[in-house]
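Each value in this text was obtained by applying a stated rule to the coordinates, not by laboratory testing. All of these numbers come straight from a predicted model, not from anything done at the bench. Glycine gets a Cβ as well: all are built from the backbone with ideal geometry, and neighbour counts include every protein chain shown.
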């Protein structure tokens, strides 16, 4: 059994820039004040004292905090919890304790609000622990929200819709551009744009993606369709036939061009599209998730890419390396 709570997240390198709040790493690091004593006695006092005044309760040294005194994080992005994995983590905590402290902030009413480490906190409760090791941070509501969202996005177990909503919240609440969101989370801009596009899917489709019945690849392919009605109809067929992502892409390509079927008979009497050109056209459509048409004659021609909104255009520009 892996000691999940013992893993240490890698630091994300990003260019320095001015933005609302601070990066997760800078917010989680608390330098000691110049006149702060560094003796072991002082550290022990900070770790175990419960009756410190409000200001003194903020410390970079982990201390035991009663699990009942911690309130859930209102900014939590994760909506689904794998109970089996939570049980595994609880058993690990029974055997080994909580190796990595959670992050909380003290509240004026004497309680604490969770910032990072919800699974460790919940698993500790399941394990029957009355206290959990925690590092205290004094941060604003905005900083707490940003820290929570960035911390979640740096993990690998969020489903695609949870990731999409997290990117969207960073963008809306902190007025960040897609480029700024990408820098803050360590992702590339095209990835951020592709996840944000998932929010354009009808709610029933988002639900299927969230439950795992449809993958991120299925969802990207469905986004190529123009209307919600078309998307829902295609989704029903994809699930009913258990289509793979590649089969879904092929199926959607047939729906994207309403003239394609109508012109099939005409194409038989005309010069057929070169197989290499057709393959290039299909690859571009799969890669971009947009309608692509290549017209070629003796090695000369043009490539036409259709987009239905600014988000499609942004994703296209990012994919072409020409983001603005």
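Of note:
- Cα gyration tensor shape of the range 112-238, rounded if a/c is under 1.5, else prolate or oblate by comparing a/b with b/c: oblate
- Residue 211-residue 88 pseudo-label distance in nm [points 7 Å out on the Cα-to-Cβ vector]: 2.4
- Two-site FRET efficiency, residue 237 against residue 159, from Cβ-Cβ distance with R₀ of 30 Å, rounded to 0.05: 0.85
- Packing-based ranking, highest mean first, of 224-235, 135-146 given that Cβ atoms within 10 Å are counted: 135-146, 224-235
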